[in-house]
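Engineer: Before we start, here is the structure in question, set down as structure tokens.
Just so you know, all these numbers are worked out from the coordinates, no wet-lab data involved. In this text, all values refer to a predicted model and were calculated from it rather than measured experimentally. Don't worry about glycine lacking a Cβ; one is built from the backbone with ideal geometry, like all the others, and counts go over all protein chains shown.
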Amino acid sequence: MSGVSGVGKDALIARIRERTDRFVVPVTMTTRAPRPAEVHGRDYLFTTREAFIQALEANELLEHAEVYGNFYGVPRSQLRDALAAGRDVIMRVDVQGVVTLRELLPDAVFIFLEPEDRSVIERRLRERGTDEATLQRRLAAAEREYELSAEFDHRVLNVDGDIDQAVDAVLAIVEAEHARPGRAAIEV
């Protein structure tokens with residue numbers, strides 16, 4: 001699952017988890033400082049640049065990217081454990097990471113979450129208290145990221161005020177993938 005900053009990836013994943021326990025959501029490692037109310041181990045694995053680089057050099061990260069001056073990466077162990085237990089995995093990844101993940105996990109399903117209107121993104125980022133310089137960087141990056149949406153298998157619209165519609169769409173995609181003949185198991 002990916003999409004531009006502020007599109008509602010975290011809210012969508014949280015609502016999916018409220019509705020079903022079939023998914024494991026790996027916790028992304030990041031060098032970014034926690035936002036208010038974020039909890040280490042639940043929202044992200046907050047770490048230092050040095051520790052992140054050590055994990056990267058030890059090949060412990062499935063994918064990684066530098067976004068807005070911070071590193072983000074998905075620990076391989078979380079995926080291996082979930083898949084070995086027969087669970088579905090939903091990952092929140094940066095748009096940049098999809099190209100890498102498609103090479104690493106060719107049988108995975110990639111979903112791009114998009115807003116009903118691009119102006120919604122600026123409003124949501126402002127509501128988060130994003131400073132002006134960061135806001136402008138993220139809006140510029142969003143324009144480039146929309147162009148990468150063609151790299152995804154599915155696009156899901158996140159209509160402001162109706163997140164359940166987006167949840168229904170994602171769950172329908174997952175069900176269809178499970179029912180697809182010849183579906184290959186994902187190797188991490």
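Engineer: What is the distance in Å between the Cα centres of the stretch 1-32 and the stretch 61-106?
Structural biologist: 12
Engineer: What full-extension length gain, to one decimal in nm, is calculated for Thr48 and Arg144 as 0.36 nm per residue of separation minus the Cα-Cα distance?
Structural biologist: Value of the extension gain: 31.8 nm.
Engineer: Now for a different question. What dipole magnitude, in Debye to the nearest 20, does the chain give about its Cα centre under +1 on Lys/Arg Cβ and -1 on Asp/Glu Cβ?
Structural biologist: Rounded to the nearest 20 debye, it is 320 debye.
Engineer: Now, a different point. For n ≥ 4 DSSP H runs only, could you compute -39500 (n - 2.57) per run for the chain, divide by its residues and tell me the 222 nm figure to the nearest 500?
Structural biologist: Calculated from helices alone, the mean residue ellipticity at 222 nm is -13000 deg cm²/dmol.
Engineer: Here's something else I'd like to know. Can you compute the modelled spin-label distance between Thr134 and Asp168, with each label point 7 Å from Cα toward Cβ, in nm?
Structural biologist: That separation, rounded to one decimal, is 3.5 nm.
Engineer: Also, quick follow-up: Helix by helix, which DSSP H runs in the chain go 18 Å or more along their axis at the Cα atoms and have an average Kyte-Doolittle hydropathy of -0.5 or more?
Structural biologist: Helices meeting the span and hydropathy rule in the chain are 163-179.
Engineer: Between Leu79, Leu101, Gly69, whose Cα lies farthest towards the positive end of the dipole of the stretch 37-112 when Lys and Arg beta carbons carry +1 and Asp and Glu beta carbons carry -1, centred on the Cα centre?
Structural biologist: Checking the options against the dipole of the stretch 37-112, the answer is Leu79.
Engineer: Could you work out how far apart the two model spin labels at Glu18 and Asp107 are, taking each label as a point 7 Å from the Cα in the direction of the beta carbon, and quote it in nm?
Structural biologist: Taking the two extended label points, one gets 3.4 nm.
Engineer: What number, in percent, do you get for the relative contact order of the chain if the mean sequence gap of Cα pairs under 8 Å and at least 6 apart is divided by its residue count?
Structural biologist: 29
Engineer: Right, here's the next one. Considering Cα pairs under 8 angstrom that are at least six residues apart, work out the relative contact order of the stretch 1-69 and quote it in whole percent.
Structural biologist: Contact order relative to length: 21 percent.
Engineer: Additional query: Once you charge only the Cβ atoms, +1 for Lys and Arg and -1 for Asp and Glu, what is the size of the charge dipole of the stretch 1-106 about its Cα centre, to the nearest 20 debye?
Structural biologist: I would put it at about 360 debye.
Engineer: Sticking with this structure for a sec: Averaged over every viewing direction, what's the projected area of the C-alpha convex hull for the chain? Give it in nm², one decimal, please.
Structural biologist: Averaged projected hull area, Cα only: 10.6 nm².
Engineer: So in the stretch 1-153, what percent of DSSP beta bridges are antiparallel if you round to the nearest 5?
Structural biologist: Approximately 55 percent, going by the DSSP bridge assignments.
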